[in-house]
Amino acid sequence: MHEIRMDHPAKNALGTDLVEWLEGKLDEAAGEPVLLTGTGDAFCAGLNLKEVAGHDPSGMEAMIRRVDGLAAALFDYPAPTVALVNGHAIAGGCVLTQCCDFRVAVDEPSARIGLNEVALGVCFPPVILAILRHRIPATNREDVLLGAQLYPPGEALARGLLDVVSADAGTVARKWLEKASTHPRETYAATKAILHGGVTDVSREEERRFVEDELSIWTSDEVRRRVLAVLEK
């Protein structure tokens, strides 16, 4: 088992440094089973909003494409993966959770888990949106994505964002990973690839939507105002 424990500033906010670090850690794992977790009261608090507020269109495009690529790499990782959600998993942090094969969270009512991008005023990039459409049950998908709420673990479980909530989440996560790791590696990888069925392949229409519609939203004055307001809280 290869454990990847995020321990970065701003509650593991996904900025350039953390994304690059995660890319490197997935490379280091080299196809071995992965347990992804955080430190303290945060799994991952989402994108680094200071970086978001400071990017011009070119910088914003580079950041979004890199996060999209990280999501694809984790989602399509050939070996078993577990998200051990030790605390808050907000926006991009919840995306990382959905990219893993098994999602278990600590039973901590103060933790918040969810996808609040729409509330912030931004659209989901194409690969991430495809992963979320694949992972979130159809009966809850619009409520979770359009409602843009943050839930305590029990409510996140009820909406299909988690598989298990436990007071001993670490033990549950490691037992699942140990069991999944006993399966023949090539068979696991092949079956996972079939189940994912090209989810992360971006079509020309999705690429057009990203370039022509979404980038301008991410760098708009309105989104910048919303981001700065969050940072000031």
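Looking only at region 25-50, filter to residues that are in a loop (DSSP other than H, G, I, E, B) and within 25 Å of Ser220 (Cα to Cα); which one of those is nearest to the chain's Cα centre (by Cα)?
Filtering region 25-50 down to residues in a loop (DSSP other than H, G, I, E, B) leaves 30-33, 38, 40-41, 45-46, 48.
Next, from what is left, pick out any that are within 25 Å of Ser220 (Cα to Cα): 45-46, 48.
Values: Ala45: 10, Gly46: 8, Asn48: 13 Å.
Going through the qualifying residues, I end up with Gly46.
Test Leu96 against the criterion of being part of a helix (DSSP H, G or I) and within 26 Å of Thr187 (Cβ to Cβ), and give yes or no.
yes
Outside any strand (DSSP E or B), touching a residue at least 60 places away in the same chain (Cβ under 8 Å) and buried (at least 19 other Cβ atoms within 10 Å of the Cβ): is that true of Lys11 in this structure?
For Lys11, the condition - outside any strand (DSSP E or B), touching a residue at least 60 places away in the same chain (Cβ under 8 Å) and buried (at least 19 other Cβ atoms within 10 Å of the Cβ) - is met.
Provide a single number: the residues in region 102-138 that are of a type in the set (Val, Ile, Thr) and farther than 30 Å from Arg208 by Cβ.
Residues meeting the conditions: 3.
Would you be able to tell me the number of residues in region 29-50 that are surrounded by fewer than 19 Cβ atoms within 10 Å (Cβ to Cβ), out of contact with any Gly (no Cβ under 7 Å at 6 or more places or on another chain) and within 18 Å of Leu14 (Cβ to Cβ)?
Counting residues in region 29-50 that are surrounded by fewer than 19 Cβ atoms within 10 Å (Cβ to Cβ), out of contact with any Gly (no Cβ under 7 Å at 6 or more places or on another chain) and within 18 Å of Leu14 (Cβ to Cβ) gives 2.
Given the conditions (1) modelled with pLDDT of 95 or more; (2) on the phi > 0 side of the Ramachandran plot, which single one is not true for Ile90?
(2)
Determine which member of the set Ala111, Ala91 is within 12 Å of the chain's Cα centre (by Cα) and crowded, with 22+ Cβ neighbours inside 10 Å. I'd like the intermediate steps shown before the answer.
Values: Ala111 fails: within 12 Å of the chain's Cα centre (by Cα).
Sole residue among the options that is within 12 Å of the chain's Cα centre (by Cα) and crowded, with 22+ Cβ neighbours inside 10 Å: Ala91.
Please determine whether any residue of region 139-161 is touching a residue at least 24 places away in the same chain (Cβ under 8 Å) and in a strand (DSSP E or B).
Yes: region 139-161 contains one or more residues that are touching a residue at least 24 places away in the same chain (Cβ under 8 Å) and in a strand (DSSP E or B).
Scan Ala71, Ala62, Ala53 and give me the residue that is under 26 Å from Thr219 (Cα atoms), out of contact with any Gly (no Cβ under 6 Å at 6 or more places or on another chain) and free of Cβ contacts under 8 Å to residues at least 40 places away in the same chain.
Values: Ala71 fails: free of Cβ contacts under 8 Å to residues at least 40 places away in the same chain; Ala53 fails: free of Cβ contacts under 8 Å to residues at least 40 places away in the same chain.
Only one candidate passes the filter, namely Ala62.
Just checking, how many residues over region 176-190 are in a helix (DSSP H, G or I), surrounded by 12 or more Cβ atoms within 10 Å (Cβ to Cβ) and polar (S, T, N, Q)?
0
Being crowded, with 23+ Cβ neighbours inside 10 Å and of a type outside the set (D, E, K, R) narrows it down to one residue among Cys123, Cys100; which is it?
Among Cys123, Cys100, only Cys100 is crowded, with 23+ Cβ neighbours inside 10 Å and of a type outside the set (D, E, K, R).
Scan Leu22, Leu84, Leu18 and give me the residue that is under 17 Å from the mean Cα position of the chain (by Cα), under 24 Å from Ala111 (Cα atoms), in contact (Cβ under 8 Å) with a residue 24 or more places away in the chain and not in a helix (DSSP H, G or I).
Only one candidate qualifies: Leu84.
The values are calculated or read from the model by the stated rules, or taken from the named source; none is laboratory data. Since this is a predicted model, take the numbers as computed values, not measurements. So basically every Cβ, Gly included, is an ideal-geometry build from the backbone, and we count neighbours across all protein chains shown.
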